[in-house]
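*Asks:* One structure coming up, written as structure tokens, with questions to follow.
Taken together, the values in this text are just the output of simple stated rules run on the coordinates, not laboratory data. No experiment lies behind these values; they were computed from the predicted model shown. Cβ sites come from the backbone with ideal geometry, for glycine too, and all protein chains shown count toward neighbours.
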Amino acid sequence: MQRFNFLLIIGLIILLTSCSKEVKKESIIIEKKLGSQAIEAFNEGKKALEEGDSLFAAKKFNEVEILFPQSDLAPRSLLMAAYAYYFQDYYQDAVAELQRFLRVYPLHENIDYAYYLLAISYYEQIVDEKKDLQSIINAKENFDIVVKKFPDTDYALDAKFKIGLINDILASKEMYIGRYYFQKKKWIAAINRFRKVIDEYDTTIYAEEALHRLVEVYYKIGLVEEAEKYAILLGYNYQSSVWYEKTYSVFDKNYEISKNNKISRNKKKTGKILKKFKSLFE
């Protein structure tokens, strides 16, 4: 009886060992099969993208990332899906994919590209600075991340350029609102808008006009010393500009009158020259 029990145990061990080997072998086969399926789906996505079928490409890349999350191709596929959506102008879908990438793969080697593509996806949604403020802010925030975290990349170089353009847009918005308040004689509100341009967007093309508008506002409300302060600042930085001439005329009305008379005389003189020139062909 003991011998029978011993043989039974030995037989059970052999059976279990045999089953274990079969399961392990089957597991390896399945892993290889899944790996080849992931590669196949990824290549299908690449081919579709090259042929211009971006939406199908995104679908195949999503398939790789969702069905084979443990694959090395999963994070790459997620990035490729985001690019495919971006390429097709499906910016919101691209943003959703990229946000998921940053959440799931925060230490991936291509994290710099993910932030850059996210910023560009927001940037491309800017149509009107008066309406698309959130897209402008999101784009700038992500471009700032690219510049600060990855300063030595090509992405950072382009991000700096895009930030300059965004600052122009934001300054334009502030100037638009400031002019509106100026026309409505809401002086404090106008001053706040023009000051914001000087304080936050002083490298933009609107800085000169903002200084001039501050001169105008302060002069109109009787704060001449404040007006002179901004006039000096404008003269020091932009003495040859049109806005400096306008500012000068705020303090010297005779300058504006004499300038207008000079322009009028030049127009008359030009008119005579044109008439004389025309007579040569009559």
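*Asks:* With a ≥ b ≥ c the root eigenvalues of the C-alpha gyration tensor of region 36-144, is it rounded (a/c under 1.5), prolate (a/b larger than b/c) or oblate? Mind showing how you got there, number by number?
*Replies:* Values: a/c = 2.96, a/b = 1.66, b/c = 1.79.
Oblate shape, in that a/c is at least 1.5 and b/c is the bigger or equal ratio.
*Asks:* Hey, another quick one. Quickly work out the D202-to-F87 label distance, labels modelled 7 Å from Cα along the C-beta direction, and quote it in nm with one decimal.
*Replies:* 4.5 nm
*Asks:* Give me T203, T247 ranked fewest to most by other Cβ atoms within 10 Å of their Cβ, as a rough exposure proxy.
*Replies:* On the way: T203 11, T247 27.
The most exposed by this proxy come first: T203, T247.
*Asks:* Could you sort 78-87, 212-221 so that the peptide with the highest average Cβ count within 10 Å comes first and the rest follow in order?
*Replies:* On the way: 78-87: 23.6, 212-221: 21.0.
Order by mean packing, descending: 78-87, 212-221.
*Asks:* Here's another thing I want to ask about it. Report the extension gain between D152 and I66 in nm, rounded to one decimal, defined as 0.36 nm multiplied by the number of residues separating them, less their alpha carbon distance.
*Replies:* On the way: separation 86, 0.36 × 86 = 30.96 nm, distance 3.29 nm.
Taking 0.36 nm per residue and subtracting the Cα distance, the gain is 27.7 nm.
*Asks:* Based only on other Cβ atoms within 10 Å, what is the fewest-to-most ordering of F182, F56, F61? Don't skip to the answer; put the middle values down first.
*Replies:* Details: F182 20, F56 16, F61 30.
Fewest-to-most ranking of F182, F56, F61: F56, F182, F61.
*Asks:* Taking the number of other C-beta atoms within 10 Å as the exposure measure, put D89, D112, D152 in order starting with the fewest.
*Replies:* Details: D89 12, D112 18, D152 8.
Ordered by Cβ neighbours within 10 Å, fewest first: D152, D89, D112.
*Asks:* Pairs K47/K148; K162/K229; K196/K229: which are spaced more than 26 Å apart, C-alpha to C-alpha?
*Replies:* Numbers: K47/K148 35 Å; K162/K229 32 Å; K196/K229 17 Å.
Where the Cα-Cα span goes over 26 Å, the pairs concerned are K47/K148; K162/K229.
*Asks:* Find how much the distance from Q37 to L165 grows on full extension, using 0.36 nm per residue of separation minus their present alpha carbon separation; answer in nm with one decimal. Write out the running numbers ahead of the final one.
*Replies:* Working: separation 128, 0.36 × 128 = 46.08 nm, distance 4.42 nm.
Contour length minus the Cα-Cα distance gives 41.7 nm.
*Asks:* Here's something else I'd like to know. In region 119-172, which GluC sites (Glu not before Pro) are in a loop and have at most 15 other Cβ atoms within 10 Å, using DSSP for the loop call?
*Replies:* Working: sites: E124, E129, E141; in loops: E124, E129.
Of the GluC sites (Glu not before Pro), the ones in loops of region 119-172 whose Cβ has at most 15 other Cβ atoms within 10 Å are E124.
*Asks:* Something else now. If you filter region 114-167 for trypsin sites (Lys or Arg not before Pro), then keep DSSP loop positions with at most 13 other Cβ within 10 Å, what is left?
*Replies:* Values: sites: K130, K131, K140, K148, K149, K160, K162; in loops: K130, K131.
Here the sparse-neighbourhood loop sites are K130, K131.
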